[in-house]
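Visitor: The structure's right below; bear with me while I get my questions together.
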Amino acid sequence: MSESVADPLWSAILAEAYEAAQAEPLLASFLHMTVLRHGTLDDVLAFHLSSKLASPVMDARALMELFCEALAADPLLGEAMRADIRACFDRDPACDSYATPLLYFKGFHAIQSQRITHWLWKNGRRTLALFLQNRISEVTGADIHPAARLGHGVMLDHGTGVVVGETAVIGNNVSILHGVTLGGSGKERGDRHPKIADGVMIGAGASILGNIRVGTCAKVGAGSVVLEDVPPHSTVAGVPARVVSQTDAGCTPALDMDQRV
C-alpha cells in the first residue's frame with residue numbers, strides 16, 4: 001500500500017499541491033521542492049520547518065536530520081500535526097485547503113516546531129531545545145517554551161505575539177488567537193503557568209496569568225486579563241475577567257469560533 005493511500009490527508013495535500021503548481025507556474029518549483037518530491041507528510045514537515053528555521057549557526061540539512069529523527073522516534077508528533085492541520089481547515093475560514101496551514105500559516109509552524117523542541121526537552125537535550133525556541137520566536141513571532149505541554153487539534157491563529165510559559169498545559173482541540181499570553185504572575189518558580197482544558201477558545205490579546213485552570217469548553221473574551229480559575233462551559237471577559245455568561249453543555253467554543261461574549 002502506498003504512503004498516500006495509507007494517509008488520506010497526505011494524498012489530499014499532494015493533489016492540492018499539484019493543482020496549485022499547475023495554476024501558478026511561478027510557484028511550481030517551490031511546491032515541487034517543498035511537497036511533491038517527498039514521500040511522506042512527515043518528510044514535508046521536516047523539510048519545510050528546517051528551511052524556515054535555518055540560520056548561520058545551524059543549517060537546513062542539520063535541522064532536517066534532527067526533525068526527521070524526532071518524527072521517527074515519536075509517532076505522536078505526526079498524529080498531532082495531522083490533527084492541527086484539520087483544526088485549521090475546519091475552523092479558519094481563510095484556510096481553503098489542507099496544504100495552506102502546512103505551507104503558509106506561521107502559527108501552525110510555531111506549534112509543530114515547539115512539539116519538536118518539547119521532544120528534545122523530554123530527552124535531556126535542553127540546550128538545543130532552548131536554542132531552537134529562540135530561533136522559532138524570531139521566525140514566527142510566537143514564543144512557546146519547550147517544556148510547555150500541548151495537546152492535539154490546536155489552532156494558533158496567526159500566532160503573532162503569542163507567549164506560552166514553561167509550565168503551561170494546553171489541552172486538545174483548543175483555539176488561540178494572536179497576542180495571547182499564558183504567563184506567570186510573579187517571579188516564583190515551580191508550577192506557575194495556566195492549564196487550558198479541552199475545547200477552550202482564547203480571544204485575541206487575552207492574558208491568562210498564574211497557575212490557574214481554564215475549564216473545559218470555556219471561552220476567554222478578547223483583551224481579557226484572567227487571574228482566577230475559569231469554570232467549565234463559561235465565558236469570561238474584562239479586566240480583570242469575570243464570568244459574563246454560560247455556554248451550552250454541548251457547545252465547544254474552540255470549534256465554533258464565535259468570539260462574541
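Visitor: Within the range 126-139, identify whether any single residue is touching a helix residue (DSSP H, G or I) at 6+ places or on another chain (Cβ under 9 Å), surrounded by 20 or more Cβ atoms within 10 Å (Cβ to Cβ), outside the structural domain of residue 219 (by TED's automatic domain parsing) and touching a residue at least 60 places away in the same chain (Cβ under 8 Å), and answer yes or no.
Guide: yes
Visitor: Determine whether residue 233 is buried (at least 23 other Cβ atoms within 10 Å of the Cβ) and not assigned by TED's automatic domain parsing to the domain that holds residue 79.
Guide: No, not satisfied.
Visitor: Still on this structure: Considering only residues that are among the hydroxyl-bearing types (Ser, Thr, Tyr) and surrounded by fewer than 20 Cβ atoms within 10 Å (Cβ to Cβ), which ones fall in the range 33-67?
Guide: Result: 34, 40, 51, 55.
Visitor: Then there is this: List pairs: first in the range 210-229 and more than 16 Å from residue 169 (Cα to Cα) and modelled with pLDDT of 95 or more, second assigned to a loop (DSSP other than H, G, I, E, B) and acidic (Asp, Glu), Cβ under 9 Å, 6+ apart or cross-chain?
Guide: 219/258
Visitor: Related question: Does any residue of the range 155-175 turn out to be assigned to a loop (DSSP other than H, G, I, E, B), crowded, with 16+ Cβ neighbours inside 10 Å and over 20 Å from the mean Cα position of the chain (by Cα)?
Guide: no
Visitor: A further question follows. Looking at the range 233-261, which of the residues that are under 19 Å from the mean Cα position of the chain (by Cα) and aliphatic (A, V, I, L, M) is farthest from residue 221 (Cα to Cα)?
Guide: Across the range 233-261, the extreme among qualifying residues is 255.
Visitor: Cβ-Cβ distance below 7 Å, separation of 6 or more or different chains: which pairs start in the range 150-169 with a residue that is in contact (Cβ under 8 Å) with a residue 40 or more places away in the chain and end on one that is of a type in the set (Gly, Ala, Ser) and in a strand (DSSP E or B)?
Guide: 155/175; 157/175
Visitor: Any residue at all in the range 7-30 that is of a type in the set (Ser, Thr, Tyr) and either crowded, with 18+ Cβ neighbours inside 10 Å or not assigned by TED's automatic domain parsing to the domain that holds residue 80 (or both)?
Guide: Checked against the condition, which is being of a type in the set (Ser, Thr, Tyr) and either crowded, with 18+ Cβ neighbours inside 10 Å or not assigned by TED's automatic domain parsing to the domain that holds residue 80 (or both), the range 7-30 yields no hits at all.
Visitor: Going by the structure shown, is residue 70 surrounded by fewer than 15 Cβ atoms within 10 Å (Cβ to Cβ), aliphatic (A, V, I, L, M) and within 20 Å of residue 112 (Cα to Cα)?
Guide: no
Quick grid of which residues meet (1) modelled with pLDDT of 95 or more; (2) out of contact with any Gly (no Cβ under 6 Å at 6 or more places or on another chain); (3) closer than 21 Å to residue 215 by Cα:
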position: 142; (1), (2), (3): yes, no, no
position: 148; (1), (2), (3): yes, yes, yes
position: 151; (1), (2), (3): yes, no, yes
position: 155; (1), (2), (3): yes, yes, yes
position: 164; (1), (2), (3): yes, yes, yes
position: 168; (1), (2), (3): yes, yes, yes
position: 171; (1), (2), (3): yes, no, yes
position: 175; (1), (2), (3): yes, yes, yes
position: 179; (1), (2), (3): yes, no, yes
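Visitor: Against the conditions (1) assigned by TED's automatic domain parsing to the domain that holds residue 53; (2) without any contact (Cβ under 8 Å) to a residue 24 or more places away in the chain, where does residue 190 fall short? Just the number, please.
Guide: For residue 190, the failing item is (1).
Visitor: Mind checking which residues of the range 176-190 are outside any strand (DSSP E or B) and surrounded by 16 or more Cβ atoms within 10 Å (Cβ to Cβ)?
Guide: Once the filter is applied, which keeps residues that are outside any strand (DSSP E or B) and surrounded by 16 or more Cβ atoms within 10 Å (Cβ to Cβ), the range 176-190 yields 177, 178, 179, 180, 184.
Visitor: Sticking with this structure for a sec: Out of 78, 107, 124, which single residue is on the phi > 0 side of the Ramachandran plot, outside any strand (DSSP E or B) and not hydroxyl-bearing (Ser, Thr, Tyr)?
Guide: Answer to the selection: 124.
The values are calculated or read from the model by the stated rules, or taken from the named source; none is laboratory data. Remember, predicted model here, so these are calculated numbers, not experimental data. For neighbour counting, all protein chains shown are included, and Cβ atoms are generated from backbone atoms with ideal geometry for every residue, glycine included.
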